[in-house]
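Have a look at the structure below before the remarks.
Quick note: the coordinates plus some simple rules give every number you see, no bench work behind them. Nothing here was measured: the structure is a model prediction, and the numbers come from that model. Don't worry about glycine lacking a Cβ; one is built from the backbone with ideal geometry, like all the others, and counts go over all protein chains shown.
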Amino acid sequence: MKKIVVLYMLYIGMGVAGTLHIATAANMSYAMKALTVAFKKHAPQTQIEVMIGGSGKLAGQIRQGAPYDIFLSANMRYPQTLFERGMATDKPVMYAQGALVLLSKIPRNYAKGLHLLTSEEIQKIAVANPKTAPYGVAAREALKKVGLYDTLKSKFVYGESISQTITYTLRATDIGIVAKSALFAPQMHHFKAGTHWIDIDSSLYTPIAQGMILLKRAKENAEANAFYDFMQSREAKQILRAYGYRLP
């Protein structure tokens, strides 16, 4: 925490005006807006560019040389792999844990929990693609735990990221399994717990540990180091909690 304060003071005292490139998992798109606003209060001269996408695709871009400074993944595996390839300054840091919800754009009776998905009125289910999105892996795990995965496979409409999955949920399917953090976006506030959405029992899937790395190209980048530390601060954790994340 002391290091963070020192970095902030340097920004304020020196008026540093650099650019920070952040690659972030799609589930973080709403929280990231609040996080960057909070960070810029300490470093107002910093220009921040955010690339949002599926964690797998972003990791692939980094391997191909994409000029990102910080990578916030929806799991630990992708940043760990990049670290093992010598592309990060340190092992991944867990900055948050994500959660799954079942979301419908119209009111539904959720008394049956996930078994609602077997209903004839549910013909299409939006799910993140497990090949590119860690939230898709968690959704698959939960459905397998309750013995529904094979039964429901023909109903799945896959989103390449959790943000695309949310779009499908609201526009193209009957219901979706999405990140709880999405519910905290301003345009989602009219959806009510128990009416439009329910939490999926967290015991049904492995905790969605989300990892962050500082990439080696940014080792000497003051802005990147400051934001990396900021993401581990009490202030950032309060913001993440407000957006539906669990804290490590």
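Take every pair of alpha-carbon atoms less than 8 Å apart whose residues are at least six positions apart; their mean separation over the length of region 99-204 yields a relative contact order of 46 percent.
Taking a point 7 Å out from the Cα of Gln61 in the direction of its Cβ, the residues of region 118-147 whose backbone N falls within less than 15 Å of it are 133. What does a probe at His115 reach in region 130-144, counting residues whose amide N is under 18 Å from the point 7 Å along Cα→Cβ? Answer for this model: 142-144. Tell me the net charge near Ala96. Cut-off is 9 Å between Cβ atoms, Ala96 excluded, with +1 for each Lys or Arg and -1 for each Asp or Glu. Net charge around Ala96: +3. Highest GNM mean-square fluctuation among Asp150, Asp69, Asp229, for the chain modelled with Cα contacts below 10 Å: Asp150. Put a plus charge on the Cβ of each Lys and Arg, a minus charge on the Cβ of each Asp and Glu, and nothing anywhere else: the dipole of the chain about its Cα centre is then about 140 debye.
You can think of it this way: the chain between Arg234 and Lys91 has 49.4 nm of extra reach, that is 0.36 nm per residue less the Cα-Cα gap.
Applying the criteria of a DSSP loop state and at most 16 other Cβ atoms within 10 Å to the trypsin sites (Lys or Arg not before Pro) of region 49-137 yields Arg85, Lys105, Lys112, Lys124, Lys131.
In the neighborhood of His196, defined by Cβ-to-Cβ distances under 10 Å, what is the net charge if each Lys or Arg adds +1 and each Asp or Glu adds -1? Once positives and negatives cancel, what remains is +3. Local charge for Lys155 was computed over the other residues whose Cβ lies under 14 Å away, with Lys and Arg +1 and Asp and Glu -1, and equals -1.
Highest GNM mean-square fluctuation among Thr173, Thr165, Thr195, for the chain modelled with Cα contacts below 10 Å: Thr195. Computed 3J(HN,Hα) for region 55-61, one whole-Hz value per residue from the Karplus formula 6.51 cos²θ - 1.76 cosθ + 1.60 where θ = phi - 60°, is 4, x, 5, 5, 4, x, 5, glycine and proline marked x. For region 99-204, the square roots a ≥ b ≥ c of the C-alpha gyration tensor eigenvalues yield an a/c under 1.5, which makes the shape rounded. Distance between the C-alpha centres of region 196-236 and region 54-120: 10 Å, rounded to the whole angstrom. Averaging the sequence gap over all C-alpha pairs within less than 8 Å and six or more residues apart, then dividing by the number of residues, gives the chain a relative contact order of 30 percent.
GNM, the chain, Cα, under 10 Å: largest mean-square fluctuation among Ser181, Ser119, Ser55? So, out of Ser181, Ser119, Ser55, the one fluctuating most is Ser119. Given a Förster distance of 30 Å, report the FRET efficiency between Ala193 and Glu49 from their Cβ-Cβ distance, rounded to the nearest 0.05. Once the sixth-power term is evaluated, E becomes 0.30.
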